[in-house]
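Visitor: Below: one structure in structure tokens.
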């Protein structure tokens with residue numbers, strides 16, 4: 001259990017990070033910038049899952065984070081492959 | 001009580017790391033500096049937040065899962081950032097005009113991408129070539 005104020009501070013920081021990344025997706029000149037911003041949004045999502053699981057006392061928090069970390073790596077690699085159109 | 005305070009401080013530190021990565025993503029001039037900001041700061045931020053979760057509700061099983069997640073996060077963040085930056089280069093995302101050494105130029109020529117520094121502009125002909133599909137350049141890749 002963590003105090004609600006800590007959860008609010010962390011949530012505001014992470015939501016601001018997601019907002020800046022969305023601005024970069026809208027403005028970003030190349031597809032690579034969009035992919036990098038999507039990567040950051042995934043990291044912020046993992047952080048939000050961690051804080052919400054602590055706030056509501058969900059015991060599976062670290063299982064979710066562990067799986068999300070590995071799946072995030074696979075998603076980044078497939079994004080990089082997708083940017084090159086399937087070529088290496 | 002002490003564990004809650006330390007864990008909360010680690011959570012806020014990790015969230016601030018991710019926020020600073022977002023500021024870098026917003027303000028830096030080209031794709032490669034942005035990728036550097038995301039790969040270091042966001043990887044470290046998620047690692048700090050995992051450490052905060054482990055400290056707040058500590059069991060030995062949670063410690064094992066947390067150490068596994070932190071190691072996986074630190075390794076895969078670096079590798080993923082490298083892959084994203086390389087594919088961005090190969091598909092014609094130009095570096096900023098102040099970039100001096102250009103060691104991936106041969107790979108870019110082999111894949112048909114750009115190696116001319118254009119600043120922060122959009123290389124439209126390269127994205128059009130990317131939309132054309134993967135069939136044409138496979139022979140000389």
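Visitor: Quick one: if you stick a label point 7 Å off each Cα along the C-beta vector at residue B:27 and residue A:81, how many nm between them?
Guide: The modelled label-to-label distance comes out at 3.7 nm.
Visitor: Same structure, new question: Measure nothing fancy, just the Cα-based angle from helix A:4-27's long axis to the longest principal axis of chain A, in degrees from 0 to 90, nearest 10.
Guide: 10
Visitor: Enter the per residue convex hull volume of the range A:4-83, computed from alpha-carbon coordinates, in Å³ rounded to the nearest integer.
Guide: Hull volume normalised by residue count: 66 Å³.
Visitor: Let me ask another. Is the C-alpha gyration tensor of the range B:2-90 telling us rounded, prolate or oblate? Criteria: a/c under 1.5 is rounded; beyond that, a/b larger than b/c is prolate, otherwise oblate. Present the calculation step by step, with values, prior to reporting the outcome.
Guide: Working: a/c = 6.18, a/b = 1.82, b/c = 3.40.
Because a/c hits 1.5 or more and a/b fails to exceed b/c, the range B:2-90 counts as oblate.
Visitor: Right, something else. How would you order A:36-43, A:24-31 from highest to lowest mean count of nearby Cβ atoms within 10 Å?
Guide: Numbers: A:36-43: 24.6, A:24-31: 17.2.
Taking the mean over residues of other Cβ atoms within 10 Å, the ranking is A:36-43, A:24-31.
Visitor: Give me a single rounded figure for B:63-75: the average over its residues of other chain Cβ atoms within 10 Å of their Cβ.
Guide: 4
Visitor: Tell me, what is the percent relative contact order of chain A, built from C-alpha pairs under 8 Å that lie six or more residues apart?
Guide: Across chain A, relative contact order equals 31 percent.
Visitor: Follow-up. At residue B:3 and residue A:64, where each label point lies 7 Å from the Cα along Cα→Cβ, what is the point-to-point distance in nanometres?
Guide: The modelled label-to-label distance comes out at 2.0 nm.
Visitor: I'd like the mean, over residues of A:52-58, of how many other protein chain beta carbons sit within 10 Å of each residue's own Cβ. Write out the running numbers ahead of the final one.
Guide: Numbers: counts 0, 2, 9, 0, 0, 1, 0.
Across A:52-58, the average partner-chain Cβ count within 10 Å equals 2.
Visitor: What does the average come to when, for each residue of peptide A:37-46, you count the partner chain Cβ atoms lying within 10 Å of its Cβ?
Guide: Mean shielding count: 6.
Read-outs throughout are calculated quantities, based only on the coordinates presented, and are distinct from any laboratory measurement. Since the structure is predicted, the reported quantities are computational estimates derived from the model, not experimental observations. Cβ coordinates were reconstructed from backbone atoms using ideal geometry, including for glycine residues, and neighbour counts include every protein chain displayed.
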